[in-house]
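Laboratory data are not the source of any read-out in this text; all were calculated from the coordinates shown. Note that the structure is a prediction, hence the values are computed from the model and not measured. Every residue, glycine as well, gets a Cβ built from its backbone with ideal geometry; the counts of neighbours run over all protein chains shown.
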Amino acid sequence: MSSDEEYYIILHVGAHFVKDPYVRYAGEEVIRLKEDLDTISYFELCKLVKIRLGFNTIMLIYFHELGTIRLQNNLRVICDDISTIAMLDFWVKFKEMDLYVEHEVDNLIIIDKIYLLTVGEGDDKGVESDGEGDM
């Protein structure tokens, strides 16, 4: 490839697919990244989404066949290097590729009515006790 050509990946993340009546990706965040066409692979795409964007669990990555208007029937799953090569054919032609990421929401740790206290030495004047534990 010519070194003066620029190739972009447009990542659509943070949403989910809905059909009403056409397929669309609802509630998305769009991120445009300049990437090297010669070094991209399926594993590089996964690493890009996991490390650069911070999503731990990727379910599926799709590419949209550019040149078509709607997502319906024009999304292709990227699951290995063979499907990545199919994506690259479109990427070379259009110099930009829309990728849609399905990922799990990271697990949140919810603390329910538990308050973290620090232990310290000093004046405990004004501190009330319910009679349990040391003061």
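A few notes on this one:
- Matching residues, the stretch 32-52, being surrounded by 15 or more Cβ atoms within 10 Å (Cβ to Cβ) and closer than 13 Å to Ile10 by Cα: Glu35, Leu45, Leu48, Val49
- Matching residues in the stretch 67-88 - criterion: being of a type in the set (A, V, I, L, M) and either more than 18 Å from Tyr8 (Cα to Cα) or in contact with a strand residue (DSSP E or B) (Cβ under 7 Å, 6 or more places away or on another chain) (or both): Ile69, Leu71, Leu75, Val77, Ile78, Ile82, Ala86, Met87
- Subset of the stretch 65-99 (residues that are part of a loop (DSSP other than H, G, I, E, B) and basic (Lys, Arg)): Arg70, Lys95
- Only residues that are acidic (Asp, Glu) and either closer than 12 Å to Tyr100 by Cβ or within 19 Å of the chain's Cα centre (by Cα) (or both) were counted across the stretch 18-41, and they come to 3.
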